[in-house]
Amino acid sequence: MANPLVAEDTQAPVLGREATIEERLNGILSSYQRNEDQLIPILQQVQLAFGYLPETAMRKIAKFLNLPESTVFGVVTFYAQFRLVPSGRNMITVCRGTACHVRGGARILREVEKHLGVKPGETTSDFEYSLETVACFGACALAPVMVVNDKVQGRMSTAKVRETLGNGSS
Amino acid sequence: MNFEDAREQAISQWKAMQQSDKLRVLIGMGTCGRAAGAEDVLDALNKKLVQEHIPAEILRVGCIGLCYAEPLIELVKPGMPSVFYGDLTSELISEIVDDYLVAGNPRPDLALGTRGEGTLDGIPRLFDLPVLKPQVRISLRNCGNIDPENINHYIANSGYEGLAKALRMKGQEVIDEIKKSGLRGRGGAGFPTGVKWQFCHDAPGDIKYVVCNADEGDPGAFMDRALLEGDPHAVLEGMLIGAYAIGATEGYIYIRAEYPLAIQRLQIALKQMEEYGLLGKNILGCGFDFHIKIKEGAGAFVCGEETALMASIEGRRGMPNPRPPFPAQSGLWGKPTNINNVETWSNVSAILQKGAGWYASYGTEKSKGTKNFSLAGKVVHTGLIEVPMGISLREIVYDIGGGIPEGKRLKAVQTGGPSGGVIPASLIDLPVDYESLAQAGSIMGSGGMVLMDEDTCMVDVTKFFLTFTQAESCGKCIPCRWGTKQMLDILDDISNGRGNPEDIELLLELAESVKDSSLCGLGQTAPNPVLTSIRYFRDEYEEHIKRHHCPAAVCKGLVKAPCSHTCPAGVDVPRYLRFIAQGQFDQALAVIRERIPFPSICGHVCPHPCEAKCRRGQVDEAIAIRALKRFAAERGNGLWKAGAKSAPATNKGVAIVGSGPAGLTAAYYLARRGHAVTVFEALPEPGGMMRYGIPEYRLPREVLAEEVEEIRGVGVDIRTNSRTGSVDELFEHGYNAVFLAIGAHQGTKLGIEGEDSPEVMDGVSFLREISMGNTVRVGNTVAVIGGGNAAIDASRSALRLGAKQVTIIYRRTKDEMPASEEEIEEAIREGVKIEFLAAPNRIARKNGKIELTCIRMELGTTDASGRRRPVPIEGSEFSSFFDTVIAAIGQMPESPEQFGLPLERGNTLRVDTDTLATPREGVFAGGDAVTGPAIVIDAIAAGRQAAISIDKYLGGSGVIDETLASPEELEALPEMEEGEKQRIPIPTLASLSERLSSFAEVELSLGEELAVEEARRCLRCDLEED
């Protein structure tokens, strides 16, 4: 049964078309033991490889660990880190921590939303940018902060958002 | 390798490095440093060193805690104390290489401080700076000093000596040592660590686990991240010691995935430990086996709760379980498990290295040792600190933190993140320990400390925390799942102007039940922000609910633009600024006229609360709103009159007592509503304090006269020299309603010996006499007592009357002075001296002079206003001689009792604060007579409210707002000036002799070009879309 939350595999981005999902999954799973406590590390590894968790992958992981598919899906939807849809090539993460909030983080988020035309959890139609928020990066001393891919940018202002995303508007 | 050999080798390497004749560079490469641009600075430095042929050893170190100064570098020249440089850029570091490394000038202007033996001229010792001096670094002992990726650095600094010592003891002896140290869990709850270990130690079972909780989830907390990034071995050594004491053979570090650098550093550290025989089988040859695995969290705040954390390690949804059984009996996979957080483990290794007695010598009776805090929010020195328990919040905020930026006032300190609460500024002297914080309604928490100033809205912050906990509630138990949602919904209503008066009680009730009935710590503590913010800031909730007003101008649903929201009269600032930017000055004036009848007066004298909240101020400097208002008033013509309409006559009469800004504003709007208005003024000219309080050099009389004429123009009858005796008299004359706006024209007495001498005047009378045109004589030397605007006005006026030396005597310091900053600055510029921290004790006449005896004050604890109380220093009396003494310490209404109405403290009239109605029917009161001395715009706002209430009382609609300006053509708007651009300088009369020889106006008119330029700096917050 198709789940509306889960993207069809055919919509997956072009990441590694040459090897099938199946083959790449087997490669990942072969380095793990078949214990339940390996579930989260496996999911993290698979997401790292595919950018999200394709439905077939979740089914295969369930089989591999001998767990009901519902358990795997339950864990995936419990944790904020896991994505059921592909993400864009660039990940913009805006911190919503207390220090950022007190120093105007909400305005930074609004500016990014305005600039990219997407809300947190969404991806631009050209798959160029995904926008996420995080509870706190722990870079509070430099609040407000925003992370572009892995680069933490401190002391943000709306002007700096525009500068950073300069040509990124979709 | 044998540990002793490894140790010797590490120490000799460390020594060789210390004694090397090569330059050593320590650069902060934690997340903060990197985010601030440390990598670019390091690249530039490397390039420059190669270019100058300077060989150097570069150490990438962790965070020393001065996050505000990142990127941060320590340069160690052989044989010299090292020098720290902060706020570096690529250009600056090249400059420093040229000046210090090549030419030998350490650039004291750029250096933060020195460390090590010896001193350098003009550079303080780093650890003597107020930001570091009160700190005691135990858990952070190595952060910023060693390369966290080099185990030898850790070992050379007593690393693993604690473990070696523990392994020579019995497990129980190690537990006893920890008990003796008094260490309590640093994750927040403060459970005694040794006792926790004992439970796990005593639990039956051959397999036991220890866990390091590094799921630092509190937004606003980064202590654990910095510690793991800067000194991972200190934590790992602690885990080994705990495992040995308890009898565990396996350990887990549960760390959030958002900390990639910390994870990487831990992985490196674990690999090195294995190489050194510090992990695995038979550790240090003592027969102790131990393995550690890293488990990355996947983003769930609830996993910081220990039972949820264990579920997550086991691969399941991270949902908590009821306790008992406690993890010590049945934890991971049902085995006894001991969980401590990162900071606790780091303290454990220090305790074993240096002894329980040493550790317990820090802190208080019940809270031993030190605590790490991440200091963030509205504070000058954001960063990571470690302080002895029992230190006061004041020391943390003002000494270590350097106070609040931009001269704003501290409002509250938030501790414990979403599980904690807000502590108001009035409790700033609270000692920081587990019990005191709990008593104040907050918790120690893991150590997030977020400072909030007057621009932080407590409803908004509470909503922020509830949004967080509601989203992070795992959903297992109903009280937490639905309770947080319900509380959030109510907060959302309040912050959007949909609140009901009973909401506050409902919130409290909900909060108590969620607290009592939730399954785990998340739900049990989630109501804390609600409970504490209502406990300390209930009035803010009420403002939101009753008046739809957000005092901090934050809540989006209520605030269109912070400037107009903050203006007591609600003048639509951004709209008139846009008209100025477009050169349509008539329209700009019309916009101002839509809300106030005194545009020019406000343009001259308003202390502009709007500018304090201007969002542009967060980019560079606030817009010069007041000066632009004056400009609009000067350049705009009578276009506004075309739109102004008067209602047909109602045949109702209103008597207004007092022709100050409150009285005349009410008169204007009531006349517009068709009522016959008579204003009774006791003094010879209308204007109240605008005429008899504010000196002419700030408000030229013709400016006042012109705007008073406009009031007369709508049919208001102003009768001067008419003192009103009673309200009955007015009703007898047939008036249907009365508005008492008598101001506060009587100076407050000093209440000291000798103040009745003729050379001693009070400030209000002094200013009034000058304004009446009477001859007022001051001697050569004048003392003015007080710190408000009246004191400044009196002292600047005294200079203009020929005084040679004017000294203001104020009992607190400049920071607490209520006078507006611009006024204080101008006074100082004109030569006024200010004697802070002194209060008069007695006055005596001696040889034709006035001997003023004062006593020195010091600032003590904080009072309810958040300001520190002045406390006399015994035996510190001192005397000075003056010719004239002016006491400007306060004002109150003059004989308000004649109206036969109930009075409040300070002799002010009692009213319903919403409607301004007094207890007597048909009688209203407002302005200074109700509030005590305030500013013109407050009185105008009161006048507006009085007009609304009186119009309704007389059967009208109470609608006084008018549309006077044309609709805006937003398409034609010129671009706003967004790039960095400071505000324009406001022209003033430069020549001091010209200023002091008369009462000529000091501030001058703004030219058109400057005004338009300034108006274009407005960020147009009101047009921002959601």
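Residue check: B:Ala269 meets all listed conditions (1) in a loop (DSSP other than H, G, I, E, B); (2) in contact with a Pro (Cβ under 6 Å, 6 or more places away or on another chain) but one, namely (1). Of all residues in the range A:31-50, those that are part of a helix (DSSP H, G or I), within 11 Å of chain B (Cβ to nearest Cβ) and not charged (D, E, K, R) total 10.
Output the residues belonging to the range A:51-76 that are away from chain B (no Cβ under 11 Å) and within 21 Å of A:Gly88 (Cα to Cα). The answer is A:Gly51, A:Tyr52, A:Leu53, A:Pro54, A:Glu55, A:Thr56, A:Ala57, A:Met58.
Kindly provide the set of residues from the range B:259-272 that are over 30 Å from B:Gly287 (Cβ atoms) and either more than 12 Å from chain A (Cβ to nearest Cβ) or buried (at least 24 other Cβ atoms within 10 Å of the Cβ) (or both), ordered by number.
Those that are over 30 Å from B:Gly287 (Cβ atoms) and either more than 12 Å from chain A (Cβ to nearest Cβ) or buried (at least 24 other Cβ atoms within 10 Å of the Cβ) (or both): B:Tyr259, B:Ala262.
Just one of the listed residues (B:Arg800, B:Arg867, B:Arg845, B:Arg796) is within 30 Å of B:Arg409 (Cβ to Cβ) and in contact (Cβ under 8 Å) with a residue 60 or more places away in the chain, and it is B:Arg796. Here B:Val885 meets each of (1) surrounded by 16 or more Cβ atoms within 10 Å (Cβ to Cβ); (2) under 30 Å from B:Ile428 (Cβ atoms); (3) out of contact with any helix residue (DSSP H, G or I) (no Cβ under 7 Å at 6 or more places or on another chain) with one exception, condition (2).
Please work out which residue is surrounded by the fewest Cβ atoms within 10 Å (Cβ to Cβ), limiting yourself to the range B:91-112 and to residues that are touching a Gly at 6+ places or on another chain (Cβ under 9 Å) and either farther than 15 Å from B:Leu23 by Cβ or charged (D, E, K, R) (or both).
Out of the qualifying residues, it is B:Asp109.
Residues in the range B:810-865 that are among the small types (Gly, Ala, Ser), more than 32 Å from the chain's Cα centre (by Cα) and assigned to a strand (DSSP E or B): B:Ala844 alone. Counting only residues that are more than 14 Å from chain A (Cβ to nearest Cβ) and outside any loop (DSSP other than H, G, I, E, B), the range B:42-69 holds 16 of them. For the range B:376-390, filtering for residues that are within 14 Å of another protein chain (Cβ to nearest Cβ), hydrophobic (A, V, I, L, M, F, W, C) and farther than 21 Å from B:Cys457 by Cβ leaves 3.
Elements of the type helices (runs of 4 or more DSSP H) sitting completely within the range B:470-544 and holding at least 1 residues that are of a type in the set (S, T, N, Q) and more than 20 Å from B:Gly304 (Cα to Cα): these cover B:478-495, B:503-517.
One residue alone among B:Arg616, B:Arg626 is over 25 Å from B:Ile950 (Cβ atoms), of a type in the set (Lys, Arg) and modelled with pLDDT under 95, and that residue is B:Arg616. Scanning the range B:169-196 for residues that are in a loop (DSSP other than H, G, I, E, B) and free of Cβ contacts under 8 Å to residues at least 12 places away in the same chain, which turns out farthest from B:Pro325 (Cα to Cα)? Only one residue fits best here, namely B:Met169.
With the requirement that a residue be under 25 Å from B:Ser374 (Cβ atoms), in a helix (DSSP H, G or I) and away from chain A (no Cβ under 14 Å), what does the range B:14-40 give you? Walk me through it before giving the result.
Applying the first criterion (under 25 Å from B:Ser374 (Cβ atoms)) to the range B:14-40 yields B:26-40.
Pick out the ones that are also in a helix (DSSP H, G or I) and you get B:31-35, B:38-40.
Once the filter is applied, which keeps residues that are under 25 Å from B:Ser374 (Cβ atoms), in a helix (DSSP H, G or I) and away from chain A (no Cβ under 14 Å), the range B:14-40 yields nothing.
Is it the case, given these coordinates, that A:Gly74 is in the same structural domain as A:Ser30 (by TED's automatic domain parsing), free of Cβ contacts under 8 Å to residues at least 60 places away in the same chain and not β-branched (Val, Ile, Thr)? So A:Gly74 fits the description; yes. Can you pull out every residue in the range A:46-65 that is among the polar types (S, T, N, Q) and surrounded by fewer than 18 Cβ atoms within 10 Å (Cβ to Cβ)? Passing the criteria: only A:Thr56. Selection of the range B:386-399 for residues being assigned to a strand (DSSP E or B) and out of contact with any Leu (no Cβ under 7 Å at 6 or more places or on another chain) yields B:Val387, B:Pro388.
Tell me yes or no: at least one residue of the range B:234-256 is within 22 Å of B:Cys63 (Cα to Cα), hydrophobic (A, V, I, L, M, F, W, C) and at pLDDT below 95. Scanning the range B:234-256, I find no residue that is within 22 Å of B:Cys63 (Cα to Cα), hydrophobic (A, V, I, L, M, F, W, C) and at pLDDT below 95, so the answer is no. Set side by side, the residues B:Glu753, B:Glu729 differ, and just one is free of Cβ contacts under 8 Å to residues at least 12 places away in the same chain and surrounded by fewer than 16 Cβ atoms within 10 Å (Cβ to Cβ), which is B:Glu729.
Do the conditions hold for B:Ala350, that is, is it farther than 30 Å from B:Cys477 by Cα, among the aliphatic types (A, V, I, L, M), away from chain A (no Cβ under 14 Å) and crowded, with 24+ Cβ neighbours inside 10 Å? It is true that B:Ala350 is farther than 30 Å from B:Cys477 by Cα, among the aliphatic types (A, V, I, L, M), away from chain A (no Cβ under 14 Å) and crowded, with 24+ Cβ neighbours inside 10 Å. The residues on offer are B:Glu306, B:Glu296, B:Glu314, B:Glu343, and the sole one that is touching a Leu at 6+ places or on another chain (Cβ under 8 Å), closer than 21 Å to A:Gln81 by Cβ and among the charged types (D, E, K, R) is B:Glu314. Would you mind stating whether B:Thr364 is in contact (Cβ under 8 Å) with a residue 12 or more places away in the chain, under 30 Å from B:Tyr209 (Cα atoms) and either among the hydroxyl-bearing types (Ser, Thr, Tyr) or away from chain A (no Cβ under 14 Å) (or both)? So B:Thr364 fails the test. The set of residues from the range B:275-334 being over 14 Å from A:Val75 (Cβ atoms) and part of a helix (DSSP H, G or I) comprises B:Glu275, B:Phe301, B:Gly304, B:Glu306, B:Thr307, B:Leu309, B:Met310, B:Leu332, B:Trp333, B:Gly334.
Each row is one residue, and each column tells you yes or no for (1) touching a residue at least 12 places away in the same chain (Cβ under 8 Å); (2) of a type outside the set (Lys, Arg); (3) surrounded by fewer than 18 Cβ atoms within 10 Å (Cβ to Cβ).
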| site | (1), (2), (3) |
| --- | --- |
| B:Ile623 | yes, yes, no |
| B:Ala627 | yes, yes, no |
| B:Leu639 | yes, yes, no |
| B:Ala644 | yes, yes, yes |
| B:Lys652 | yes, no, no |
| B:Val657 | yes, yes, no |
| B:Val679 | yes, yes, no |
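Scanning the range B:586-622 for residues that are within 14 Å of chain A (Cβ to nearest Cβ) and either over 28 Å from the mean Cα position of the chain (by Cα) or within 9 Å of B:Ala633 (Cβ to Cβ) (or both) yields a count of 0. When restricted to residues that are of a type in the set (D, E, K, R) and surrounded by fewer than 24 Cβ atoms within 10 Å (Cβ to Cβ), the range B:198-254 contains 4.
The single condition among (1) within 23 Å of the chain's Cα centre (by Cα); (2) not hydrophobic (A, V, I, L, M, F, W, C); (3) not in a loop (DSSP other than H, G, I, E, B) that B:Lys556 does not meet is (3).
The values are calculated or read from the model by the stated rules, or taken from the named source; none is laboratory data. Since the structure is predicted, the reported quantities are computational estimates derived from the model, not experimental observations. In this analysis, Cβ positions are derived from the backbone assuming ideal geometry, glycine residues included, and neighbour counts consider all displayed protein chains.
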